[in-house]
1. Of all residues in segment 42-58, which are in contact with a Phe, Trp or Tyr (Cβ under 9 Å, 6 or more places away or on another chain) and closer than 17 Å to Arg93 by Cβ?
2. Go through (1) buried (at least 17 other Cβ atoms within 10 Å of the Cβ); (2) of a type outside the set (Val, Ile, Thr); (3) within 19 Å of the chain's Cα centre (by Cα) and name the single condition Arg127 misses.
3. From the list Ser35, Ser100, Ser11, Ser107, pick out the single residue that is hydroxyl-bearing (Ser, Thr, Tyr) and more than 30 Å from Phe138 (Cβ to Cβ).
4. Check whether at least one residue in segment 102-112 is within 30 Å of Ser135 (Cα to Cα), within 18 Å of the chain's Cα centre (by Cα), surrounded by fewer than 15 Cβ atoms within 10 Å (Cβ to Cβ) and without any contact (Cβ under 8 Å) to a residue 12 or more places away in the chain, and report yes or no.
5. Being surrounded by 13 or more Cβ atoms within 10 Å (Cβ to Cβ) and over 18 Å from Trp115 (Cα atoms) is the filter here; which residues of segment 42-68 pass it?
6. Restricting to segment 75-124, give me the number of residues that are of a type in the set (Phe, Trp, Tyr) and more than 21 Å from Gly14 (Cβ to Cβ).
7. Would you be able to tell me the number of residues in segment 50-62 that are under 15 Å from Lys13 (Cβ atoms) and either touching a residue at least 12 places away in the same chain (Cβ under 8 Å) or among the acidic types (Asp, Glu) (or both)?
8. Given the condition at positive phi, aliphatic (A, V, I, L, M) and out of contact with any Gly (no Cβ under 6 Å at 6 or more places or on another chain), answer yes or no: does some residue in segment 13-23 qualify?
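The numbers here are math on the coordinates, done by the rules we state, and not lab data. These figures come from a predicted structure and were not determined experimentally. Cβ sites come from the backbone with ideal geometry, for glycine too, and all protein chains shown count toward neighbours.
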Amino acid sequence: MASRFKKIRLSTKGFADVIDITAEVRGFIDEVDESDGLLTVMVPGATGAVTTIEYESGLVNDFKKLLEELIPQDGYYEHNERWGDGNGFSHLRASLLGPSLTIPFKSNRPLLGTWQQVVFCDFDNRRREREIVLSVVF
């Protein structure tokens, strides 16, 4: 029986590092025993997020620019005053997108749009070793 859980390990650069994890998501769905179900992709932690995007360099750069406009790195954040770690912007960006995503799959294929990829976003202000948790429900 195939596992219903899997962890993906990533080394990230931080500062809005956007990593395409679609191949890992598809590979996991291929491994499960049932062909139809729901996949949850989740990042434990408060400075990372999971979303979908057309993973194309121009759009990824536009996405990073939008985040900088909405939640600038050099803004004033009370979190930084309290903890002194300078990553208040990271927490807010991650909160805006959220830590998880649910994707239905049928016949062992995720029901994603043609140009839709699953991405992990690391918003912290330093390099990190990250884990992404994949879980399926039938």
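1. Initial filter on segment 42-58 (in contact with a Phe, Trp or Tyr (Cβ under 9 Å, 6 or more places away or on another chain)): 43, 47-51, 53-56.
Matches in segment 42-58: Val43, Thr47, Gly48, Ala49, Val50, Thr51, Ile53.
2. Status for Arg127: all satisfied but (1).
3. Values: Ser35 fails: more than 30 Å from Phe138 (Cβ to Cβ); Ser100 fails: more than 30 Å from Phe138 (Cβ to Cβ); Ser107 fails: more than 30 Å from Phe138 (Cβ to Cβ).
That would be Ser11, the only listed residue that is hydroxyl-bearing (Ser, Thr, Tyr) and more than 30 Å from Phe138 (Cβ to Cβ).
4. Restricting attention to segment 102-112, the residues satisfying the condition of being within 30 Å of Ser135 (Cα to Cα) are 102-112.
Still in the list and also within 18 Å of the chain's Cα centre (by Cα): 102-104, 110-112.
Narrowing further to those that are surrounded by fewer than 15 Cβ atoms within 10 Å (Cβ to Cβ): 102, 104, 111.
Subset that is without any contact (Cβ under 8 Å) to a residue 12 or more places away in the chain: 111.
Scanning segment 102-112, I find at least one residue that is within 30 Å of Ser135 (Cα to Cα), within 18 Å of the chain's Cα centre (by Cα), surrounded by fewer than 15 Cβ atoms within 10 Å (Cβ to Cβ) and without any contact (Cβ under 8 Å) to a residue 12 or more places away in the chain, so the answer is yes.
5. So in segment 42-68, the residues surrounded by 13 or more Cβ atoms within 10 Å (Cβ to Cβ) come out as 42-43, 45-55, 59-60, 63-64, 67-68.
Hits for segment 42-68 are Met42, Val43, Gly45, Ala46, Thr47, Gly48, Ala49, Lys64, Leu67, Glu68.
6. Pass one, segment 75-124, residues of a type in the set (Phe, Trp, Tyr): 76-77, 83, 89, 105, 115, 120, 123.
Remaining after also requiring more than 21 Å from Gly14 (Cβ to Cβ): 105, 115.
Residues in segment 75-124 being of a type in the set (Phe, Trp, Tyr) and more than 21 Å from Gly14 (Cβ to Cβ): 2 in total.
7. From segment 50-62, those under 15 Å from Lys13 (Cβ atoms) are 60-61; that's our starting set.
With the extra rule that they be either touching a residue at least 12 places away in the same chain (Cβ under 8 Å) or among the acidic types (Asp, Glu) (or both), the set shrinks to 60.
Final tally of qualifying residues: 1.
8. Within segment 13-23, the first condition is being at positive phi, and the residues that meet it are 14-16.
Imposing the further condition that a residue be aliphatic (A, V, I, L, M) reduces the set to 16.
After this cut, where a residue has to be out of contact with any Gly (no Cβ under 6 Å at 6 or more places or on another chain) as well, the list is 16.
Among the residues of segment 13-23, at least one is at positive phi, aliphatic (A, V, I, L, M) and out of contact with any Gly (no Cβ under 6 Å at 6 or more places or on another chain), which makes the answer yes.
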